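Okay, structure first, notes after.
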Amino acid sequence: MRNFVPATIGLAALASCPAPPVTGPAAGAEAGGGAPAEASASAGGPDAGVLPAGLYFRNGYLRDATAREWPDPACAAALGPFPDQAAADEALRRAGPAAAGPGYPLVLHTDELRLADGEADGVVIVLGLYADAEAARALVAAAGLADARVLPLRNDGASLPVESRTAPDGTERSGPARHVVRIAPGPAVPAYSRPAIEELQVRRETDADGPEVEPACWLPAGSWFVVTGDELWEVGREWAPVRCEDQPAFVPWTSTLLETVVEPLAGGGWRMVQVGDVACDVPCFCEWPVREDGSREVEGNDPASGCCCPPACAGGGCS
């Protein structure tokens with residue numbers, strides 16, 4: 001997992017999201033000041049015009065899983081990019097009351113979000129995604145955050161940008177170079193070492209018994225880590241890479257927000273959909289009702305309880 005590289009902020013103009021970026025309160029206002037939480041955009045529910053929370057517009061599997069055909073966002077109301085985790089964490093703390101609805105704020109790397117400014121590099125705290133710049137500006141104005149801004153997005157269509165490279169094992173890889181792995185809202189989750197997950201895999205495949213496999217640590221909801229694309233796909237969609245202090249570890253894929261989208265439903269309420277696995281290009285999805293605070297309604301705190309083929313969809317899709 002890599003450290004951040006200092007961000008370069010110099011946004012290119014788009015027709016729907018003109019540069020320079022719109023910012024929050026006038027220069028000189030204290031960061032985190034402004035309107036109180038009860039006057040924030042999220043106080044009365046989802047912000048008008050906000051799109052689903054997630055990278056459905058960069059992931060063809062997720063796009064096919066949404067309840068309706070959502071437009072691609074042109075802009076993000078956001079804070080950042082931030083070159084280091086401490087600055088991003090501080091922004092995330094301030095962003096909560098201003099988020100546009102369930103699933104927000106998102107924590108994304110510029111490699112996966114894809115800003116129109118191709119030189120920008122770091123972590124972005126996304127308050128809301130919008131197809132309309134005016135709606136994004138309204139959220140920024142209501143956020144009460146001096147550093148909130150409207151960031152134009154690159155129009156890459158439904159697919160992730162192809163960035164071919166050779167992985168450490170010699171295989172050819174494509175896709176974003178860096179991703180954010182974030183623990184989903186809910187209880188703390190166990191993280192295991194590589195030998196431990198290999199032991200768990202053997203036990204599942206052979207029905208073997210043995211002493212309880214102890215986790216390397218427990219990670220609270222909201223914990224997040226920047227990982228490389230090679231690290232992310234090291235063991236597939238069953239386990240996601242994290243860290244226990246300075247040691248590599250893994251958590252169940254379904255305990256993270258990787259490849260998820262939170263969208264409103266026509267009859268009221270929200271749902272989260274996650275790509276649980278893909279076999280022969282056939283995706284398997286997990287789905288949960290979502291509370292207003294963004295947490296999933298799961299059975300017995302089992303993050304795989306909403307999956308079509310828990311705990312993973314290995315072996316060929318869903319019946």
Original post:
According to the square roots a ≥ b ≥ c of the eigenvalues of the Cα gyration tensor, what is the shape class of the stretch 88-157, taking rounded for a/c under 1.5, prolate for a/b larger than b/c otherwise, and oblate for the remainder?
Top reply: oblate
**OP:** Starting with the highest mean, order 208-218, 61-71 by the number of other Cβ atoms within 10 Å, averaged over the residues of each peptide.
**Re:** 61-71, 208-218
**OP:** Compare the peptides 80-88, 244-252 by average per-residue count of other Cβ atoms within 10 angstrom and give them in order, highest first.
**Re:** 80-88, 244-252
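How much length, in nm to one decimal, is gained on full extension between ARG93 and GLN247, taken as 0.36 nm per residue of separation minus their Cα-Cα distance? All intermediate terms of the calculation are to be shown ahead of the outcome.
Details: separation 154, 0.36 × 154 = 55.44 nm, distance 2.53 nm.
52.9 nm is the gain from fully extending ARG93 to GLN247.
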Original post:
Can you give the charge dipole size of the stretch 174-255 about its Cα centre, rounded to the nearest 20 debye, using +1 on the beta carbon of Lys and Arg and -1 on the beta carbon of Asp and Glu?
Top reply: 440 debye
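For the residues ARG154, ARG204, what sequence is obtained by ranking on other C-beta atoms within 10 Å, fewest first? Could you put the intermediate results ahead of the total?
Values: ARG154 16, ARG204 11.
Listing ARG154, ARG204 from fewest to most nearby Cβ atoms yields ARG204, ARG154.
Values in this text are rule-based calculations from the coordinates and carry no lab data. The structure presented is a predicted model; accordingly, all values stated were derived computationally and were not measured. Note that we place each Cβ from the backbone using ideal geometry, even for glycine, and neighbour counts take in every protein chain shown.
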